[in-house]
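Asker: Let me give you the structure first, and then I'll get to my questions.
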Amino acid sequence: MTFFDILDVFIVAYLLYYLFMLIRGSVALNIFVAIAALYFIWQLTKSLHMEMISSILGQIMGIGVIALLIVFQQDIRRFLIMIGNRYFTANNKFSLEKFFSFNLNPKIEIDLDAIALACEKMSAEKTGALIVIARKMDLQAYSEIGEDIMAKINSHILLSIFQKDSPLHDGAVIIQNNKIKAARCILPLSENPNLPSDYGMRHRSALGMSEVSDALIVVVSEQTGQISVALRGEIISNLDRSSLKILLLNELSK
């Protein structure tokens, strides 16, 4: 086996891993498994010289490429966003630092006390909130369609943004580099069909954002006052001020 054969296997395995991380927990995973099984059967029938079956399966696989582009158009878009966000910086320059997963820059401290305090107060008042805390991936595509804030993190500012009579309370706040970068931002909705029926738009948006980025998304439920955090396509609920701060601190220190 040559070096390029090993490199070929590595690249394919890497792309398959990211594809799996993208579609896990969704109906797309079942479709992907079915297509993979069909492709395996096609290759098997070809190797056994079963001409009729392999010919039929070959035609199906040929048409299937077009069908895949239609069925998986949202998943393909999310996959490309994930790859682009991971390997390109905000100014569209390729980042070797991100490719090799090491960080030459010191971690930026975020005022988690202010975030946790604001969430505690909004939870007590049952004020709905959606707060996105950016990490390595650039979220400019989402922040630029919102309202620019560019203010240092402050619990009073967060509380005022999410008040029901505030023109900025709809949508999400994006926090980056210890600043409230933008408010009223629109996030992608999760397409996971297995979400609990009591999840509203905020929870679905939080999960959707966590599926296409490495951000931490804090949600305060308007109905129950429950504080949750979405990350890596999963949601952690029933948090209080202390446990919220610990969770965010642990994740941001990774």
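The values are calculated or read from the model by the stated rules, or taken from the named source; none is laboratory data. Source: prediction; values computed, not measured. When we count neighbours, we look across all protein chains shown, and the Cβ atoms used for this are built from the backbone with ideal geometry, even at glycine.
Asker: Could you say whether any residue in the range 103-116 is crowded, with 19+ Cβ neighbours inside 10 Å and modelled with pLDDT under 90?
Answerer: Within the range 103-116, one or more residues are crowded, with 19+ Cβ neighbours inside 10 Å and modelled with pLDDT under 90.
Asker: For SER190, state whether it is modelled with pLDDT of 90 or more, of a type outside the set (Val, Ile, Thr) and not assigned by TED's automatic domain parsing to the domain that holds ASN30. First the steps, then the outcome.
Answerer: Working: modelled with pLDDT of 90 or more: no; of a type outside the set (Val, Ile, Thr): yes; not assigned by TED's automatic domain parsing to the domain that holds ASN30: yes.
Spelling it out, it is not the case that SER190 is modelled with pLDDT of 90 or more, of a type outside the set (Val, Ile, Thr) and not assigned by TED's automatic domain parsing to the domain that holds ASN30.
Asker: Taking only pairs six or more apart or across chains, which ones have beta-carbon atoms under 8 Å, a first residue in the range 51-70 that is part of a helix (DSSP H, G or I), and a second residue that is of a type in the set (Ser, Thr, Tyr)?
Answerer: Matching pairs, first to second residue: ILE53/THR45; SER54/THR45; LEU57/THR45; MET61/TYR39.
Asker: Taking the criterion of being part of a loop (DSSP other than H, G, I, E, B), among the hydroxyl-bearing types (Ser, Thr, Tyr) and either closer than 18 Å to ILE110 by Cα or modelled with pLDDT under 95 (or both), would at least one residue in the range 231-243 satisfy it? Break it down into steps so the answer makes sense when it comes.
Answerer: The initial filter retains those residues of the range 231-243 that are part of a loop (DSSP other than H, G, I, E, B), namely 232-233, 240.
Subset that is among the hydroxyl-bearing types (Ser, Thr, Tyr): none.
The answer is no; no qualifying residue exists.
Asker: Within the range 196-222, restricting attention to residues that are under 19 Å from LYS164 (Cα atoms) and among the hydrophobic types (A, V, I, L, M, F, W, C), which residue is farthest from the chain's Cα centre (by Cα)? I'd like the intermediate steps shown before the answer.
Answerer: Initial filter on the range 196-222 (under 19 Å from LYS164 (Cα atoms)): 200-203, 205, 218-222.
Keeping just the survivors that are among the hydrophobic types (A, V, I, L, M, F, W, C) gives 201, 218-220.
Details: MET201: 15, VAL218: 13, VAL219: 15, VAL220: 18 Å.
Only one residue fits best here, namely VAL220.
Asker: Can you say whether ILE41 is surrounded by 12 or more Cβ atoms within 10 Å (Cβ to Cβ), at pLDDT 80 or above and part of a helix (DSSP H, G or I), as far as the supplied structure shows? Full working, then the answer.
Answerer: Details: surrounded by 12 or more Cβ atoms within 10 Å (Cβ to Cβ): yes; at pLDDT 80 or above: yes; part of a helix (DSSP H, G or I): yes.
The answer is yes for ILE41.
Asker: Shifting gears a bit: Can you say whether GLU211 is of a type in the set (D, E, K, R) and closer than 15 Å to LEU139 by Cα, as far as the supplied structure shows? Walk me through how you get there before you give the answer.
Answerer: Numbers: of a type in the set (D, E, K, R): yes; closer than 15 Å to LEU139 by Cα: yes.
Yes.
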